[in-house]
1. Being on the phi < 0 side of the Ramachandran plot, in contact (Cβ under 8 Å) with a residue 40 or more places away in the chain and not small (Gly, Ala, Ser) is the requirement here; does Val84 meet it?
2. Starting from residues that are in contact with a Leu (Cβ under 8 Å, 6 or more places away or on another chain) and not in a helix (DSSP H, G or I), keep the ones in the range 64-83 and report whichever is farthest from Ala95 (Cα to Cα).
3. For the range 197-212, name all the residues that are hydroxyl-bearing (Ser, Thr, Tyr) and within 15 Å of the chain's Cα centre (by Cα).
4. Residue under question is Phe197, and the condition is that it be modelled with pLDDT of 75 or more, closer than 17 Å to Ile100 by Cα and of a type outside the set (Lys, Arg); does it hold?
5. Residue by residue through the range 87-134, note down the ones that are of a type in the set (S, T, N, Q) and surrounded by 20 or more Cβ atoms within 10 Å (Cβ to Cβ).
6. Let me spell it out: the conditions are (1) at pLDDT 95 or above; (2) closer than 24 Å to Ile184 by Cβ; (3) crowded, with 21+ Cβ neighbours inside 10 Å, and Val84 meets all of them except one. Which number is the exception?
Amino acid sequence: MLTELDNPPQAEKRPATRLPVMISITVPVYNERESLPALLPALTGVLDRIGRPWEVVLVNDGSTDGSDEVLDGLAAADPRVKVVHFRRNFGQTAAMMAGIDFASGEIIIPIDADLQNDPEEIPRLLPMLDEQKVDMITGWRKDRQDTGFRKWQSRQANRIRNWITQETVNDSASSLKIYRAPAIKGIKLFRGAHRYFPTLVKMRGGTVYETPVKHSHRFAGTAKYGFRNRAFVGVADLFGVRWMKKRYLSYQAAEVRPNGQPSQQP
């Protein structure tokens, strides 16, 4: 005999609701011990307001200043924080690639560890993916909070990159970008490739929208990149990217199943 508890009244059927898109923030870290304690609270405050599931993927690029201990502490205190440790310093592009590889979200947002990228920009930029109907939003540090010489360095580097790669991106090296995961997952990178992400995404058929973003003074520590590794180191890469744009192979196809109905395009 069934009791009332064994056979409860049937619940009213409601339409299924889609869970919010998960957001992955990826952060390459190299000797940023002083900035890290301020970084995660700044990100957490912003992400909690957005109201979507989120994670932060922190990639330790062989830091030697004790950043690894700080990172492990952050991961232990919050299960939404992932930490990836490199065995040694492999460079910014490798750290960015690892962050993308370990990210679980449908939306991936790289950001610098030094807080020069303002986390408060994320809620403003995020809707632009749908508003502009694009696969990638790339930030333009139009009013950079750097020394005059450093701003000059950046302008020259961007001019050289645009001239050789035949692009029109104002600030391709800005870390603050927003991607739909399929636009960036699986891209095979080379050292320094983070400076060409807009071009690489477009080569795969993705669409890109560039917009000015706030840029702040460095919270702590010192810059890791100067003129030599911005403009002149990697000139061969510039011509390589230009060659890839002309020779990149792309196609569209659909498998025909036994019932004659095409499958989804790969």
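1. Values: on the phi < 0 side of the Ramachandran plot: yes; in contact (Cβ under 8 Å) with a residue 40 or more places away in the chain: no; not small (Gly, Ala, Ser): yes.
Taking the combined requirement at face value, the residue does not satisfy it.
2. So, considering only residues that are in contact with a Leu (Cβ under 8 Å, 6 or more places away or on another chain) and not in a helix (DSSP H, G or I), the one farthest from Ala95 (Cα to Cα) is Asp78.
3. Correct list: Thr199, Tyr209.
4. yes
5. Gln92, Gln116, Asn117
6. (3)
The values are calculated or read from the model by the stated rules, or taken from the named source; none is laboratory data. Note that the coordinates shown come from a computational prediction; the quantities given were computed from them, not determined experimentally. In this analysis, Cβ positions are derived from the backbone assuming ideal geometry, glycine residues included, and neighbour counts consider all displayed protein chains.
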